[in-house]
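A.B. asks: Take a look at the following structure, please.
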Amino acid sequence: MAGYLVTGATGLIGRQFTRLLLEAEDTERVYLLVRESSRERLASLVSGWPNPGRVTLVLGDLSAERLGVTDEIRDELRGNVDHLVHLAALYDITADDETSIKANVDGTRNVIELSADIRAGCLHHVSSVAVAGDHDGVFTEDMFDVGQRLPTAYHRTKFEAERLIREQHDVPWRVYRPAVVVGHSETGETDKIDGPYYLFPAIDKLRRLPNVPLPGADLGDTNIVPVDYVAKALLALVTRPGFDFTAFHLVSPEPQSVACVYNAFARAAGAPTIGFELDRRLSGGLLKLVKLSEHLPGATLVRDAFLERLGIPPVLLENTTFPSVFASAATRRVLAGSGIDVPRIEDYADALWRYWREHLDPFRARAHGARGELDGRRVIITGASSGIGRATALKVAAEGGVPLLVARRQAELEEVRDEIIAAGGSASVYPVDLTDSEAVSKAVKQMVDEHGRIDMLVNNAGRSIRRSIKLSFDRFHDYERAMAINYFGAVRLILALLPHMTERRFGHIVNVSSIGVQGIAPRFSAYVASKAALDYFSKIAATETHGAGITFTTVHMPLVRTPMIRPTKIYDAFPTKSPDQAADLVMEALLKRPKHIGTPTGFAIQTAYAVAPGLVDAIAYQAYRVFPDSTAAGGQGRVRLGKGERHLSAAATALARLTRGFHW
């Protein structure tokens, strides 16, 4: 019967190894070193493992002096640990030097001190094939320091940690060097994104392409093993007597080409596979051209932005493949007859892919239902009680989405909800005053609690004020009111939602802006300024949330016949869109998620102002003269408007038709 002390039992390899260790008949006692912050998690894991009564949790920390293990516990461990299995480490090729040294080097040094103090029978150190660095050629199990270059902090600290193990003389040691470790070959279970998993988002995007064979560059070879093989082999080697001061390679016997690895996962994903590889010399030439392009100004910024979009760390480009071929004949001889063999990656790629899609895909929240892009989406729509908001809610529900209806008037929202339900859809009502911060926060929390997620937001609620500046000298409150709902109300809701959307790495926000922002709209200094403020807030927010998978669309909406424009009677004679037509623009924003949606008129006015701003000012001034302030705005009503009659001047009529949909 043997006693064990294990570090890193909550890690990927540690969980599998410890479970197997507890099943072994000759295991008497297993001590698990655990930090206070992970104690409850590990205790929960142990309760579901075989023979949990054999386990004793030992509080400690790799980064602490003497591992933070008390003298009392050391006394208990002394002479009772036949095998100290050191699994805890930072397996992250993207980590910096300081973080890697603290975890891998300092942690190993502290473990060595503890193993000597408690007189452990053997110190088993799980290293990595990364110690081979850039060694070109066969790297055997008895090789270590052969002058190789160590390109990253991960390579350097794994090498240094193994060196510390080899150079100490207080405790017999064994070293185990796994290749790239992926999830369980049967369940796919894993807990981290590493190695080939970085390529999964790109493979997922390729699923949209026609399934025809692709050409591929010969990028070299890698070496991948599933965690269940590593755990089984490790247990067999730890408990096998007579192999102290030996290193073992836990690797695939044959290197795996990058193309073969890609094809295994592409088949599992239903993405196009590589049909043929380019000649190695041609592939090498193309890679050299790519490297040379990095010296062009801004090239690395563009490259890194593209890679981040795919979730691939740039450092991976330099460390995708191994120049070394890892010999494992000695390890396989020891394991001969045990039934422990490395499965072919083609045989377990499906399991890894399924587990990733269901549990680890950072963009899994983007997946929609079978009916289309909006199927199952939870979409907040403000101003949903009438006009564009109501029409949008009906269309979202018809596409399988669940509109979360927001406005101040509950009774009108309930009418919209009832109409959606009668048509076979689903919707929820949330009466909220968007100028009230506390009310907005409570509503967002309630929505998340009731629906579990919020996918999209349509900022449609707004206030329009058409009044010339000369009539606004004593009406500063007009500007405050416009900003309160059109800008601050929308921003307040966006800020309340961003933490939730960031956590899910998905969210789309549609802001219903105005065609007036694209040009110069006299008498709309309050309204257009508030919409312009939201436009620019969203442009900046889009850059800062780009990495979180959050996108924005601005809809520069033309004039729409809604209750909001009713007080301006001259608009009765203007060509306008219906709320249903306007909702089609919002639906395009939700379904396709472009940066911007507008009308030909809006683009033409925007272009004209960019090319000849003085001329546009002059034309806008003439419009200011021919379209008067309405009586509702305090104007003199120079245009007579009788019931059913609209008398615009010929110039005004022509301009309204020429600039169809613009706010004059």
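Every number in this text was worked out from the coordinates using simple rules, so none of it is lab data. Source: prediction; values computed, not measured. With ideal geometry, Cβ positions are generated from the backbone for all residues, glycine too; neighbour counts draw on all protein chains shown.
A.B. asks: Using a cut-off of 10 Å between beta-carbons, work out the net charge of the residues near Y348 (Lys and Arg +1, Asp and Glu -1, Y348 not included).
C.D. replies: On the way: positive: R344; negative: E186, D228, E346, D347, D350.
Every neighbour counted, the sum reads -4.
A.B. asks: Largest first and in whole Å, give the semi-axes of segment 171-252's equivalent ellipsoid, each being the square root of 5 times a Cα gyration tensor eigenvalue. All intermediate terms of the calculation are to be shown ahead of the outcome.
C.D. replies: Working: eigenvalues 246, 42, 19 Å².
Here the semi-axes work out to 35, 15, 10 Å.
A.B. asks: Turning to a different aspect of this structure: Of K395/K577; K205/K592; K158/K232; K445/K577; K395/K595; K395/K445, which sit over 27 Å apart, Cα to Cα? Provide the component values of the computation, followed by the final result.
C.D. replies: Working: K395/K577 16 Å; K205/K592 16 Å; K158/K232 22 Å; K445/K577 35 Å; K395/K595 21 Å; K395/K445 25 Å.
From K395/K577; K205/K592; K158/K232; K445/K577; K395/K595; K395/K445, over 27 Å: K445/K577.
A.B. asks: May I ask for the angle, rounded to the nearest 10°, between helix 299-310 and the longest principal axis of the chain, with both axes built from Cα atoms and the value confined to 0 to 90°?
C.D. replies: It is inclined by approximately 90 degrees.
A.B. asks: I need the calculated FRET efficiency for the pair M1 and E23, taking r as the beta carbon distance and R₀ as 22 Å, to the nearest 0.05. Can you show the working numbers first?
C.D. replies: Numbers: r = 14 Å, r/R0 = 0.65.
The computed FRET efficiency comes out at 0.95.
A.B. asks: List F473, F603 from most exposed to least, where exposure is judged by having the fewest other Cβ atoms within 10 Å. Please report the intermediate quantities before stating the final value.
C.D. replies: Numbers: F473 7, F603 14.
Fewest to most other Cβ atoms nearby, the residues stand as F473, F603.
A.B. asks: Normalised by the number of residues in segment 2-362, what is the relative contact order in percent for Cα pairs under 8 Å and 6+ residues apart? Intermediate values should be presented prior to the final figure.
C.D. replies: Working: 638 pairs, mean separation 67.3, N = 361.
Answer for segment 2-362 is 19 percent.
A.B. asks: To continue, here is another question. Of the listed peptides 235-242, 121-128, 268-275, what is their order by residue-averaged count of other C-beta atoms within 10 Å, with the highest listed first? All intermediate terms of the calculation are to be shown ahead of the outcome.
C.D. replies: Numbers: 235-242: 14.9, 121-128: 23.2, 268-275: 17.4.
Put in order of decreasing packing, that is 121-128, 268-275, 235-242.
A.B. asks: Here's something else I'd like to know. Antiparallel as a % of all DSSP beta bridges within the chain, to the nearest 5?
C.D. replies: Numbers: 2 of 66 bridges.
Among the beta bridges of the chain, antiparallel pairing accounts for roughly 5 percent.
A.B. asks: Same structure, new question: Can you give the helix-only mean residue ellipticity at 222 nm for the chain, where every DSSP H stretch with n ≥ 4 adds -39500 (n - 2.57) and the sum goes over all residues, rounded to the nearest 500 deg cm²/dmol? Each step should come with its number before you reach the end.
C.D. replies: Values: 24 runs with 269 residues, N = 664.
After summing the helix terms and dividing by residue count, I get -12500 deg cm²/dmol.
A.B. asks: Along its three principal axes, how long is segment 1-84 when you only count alpha carbons? Whole Å, largest extent first please.
C.D. replies: Principal extents (largest minus smallest coordinate, Cα): 33, 28, 19 Å.
A.B. asks: Separate question: Per-residue counts of other Cβ atoms within 10 Å, averaged by peptide: what ranking do you get for 548-557, 492-501, 52-61, highest first?
C.D. replies: On the way: 548-557: 23.1, 492-501: 18.8, 52-61: 16.6.
So the peptides 548-557, 492-501, 52-61, ranked by packing, come out 548-557, 492-501, 52-61.
A.B. asks: Moving on to the next point. Could you work out the relative contact order of the chain, using alpha carbon pairs under 8 angstrom and six or more residues apart, expressed as a whole percent? Could you put the intermediate results ahead of the total?
C.D. replies: Numbers: 1186 pairs, mean separation 60.9, N = 664.
Computed value for the chain: 9 percent relative contact order.
A.B. asks: Identify which of the listed values of mean projected area of the Cα convex hull in nm² was calculated from the structure shown: (1) 31.6; (2) 28.4; (3) 37.7.
C.D. replies: (3)
A.B. asks: Where the centroid of each part is defined by its Cα atoms, how far is segment 119-168 from segment 363-414 in Å?
C.D. replies: 57 Å
A.B. asks: Apply the a/c threshold of 1.5 to the C-alpha gyration tensor of segment 2-362 and tell me whether it is rounded, prolate or oblate.
C.D. replies: Note, shape of segment 2-362 comes out prolate.
A.B. asks: Quick one: grab the alpha carbon gyration tensor of segment 86-130, order the square roots of its eigenvalues as a ≥ b ≥ c, and give me rounded if a/c is under 1.5, else prolate or oblate depending on whether a/b is larger than b/c. Display every interim value, and only then the final one.
C.D. replies: On the way: a/c = 3.96, a/b = 1.89, b/c = 2.10.
Verdict is oblate for segment 86-130.
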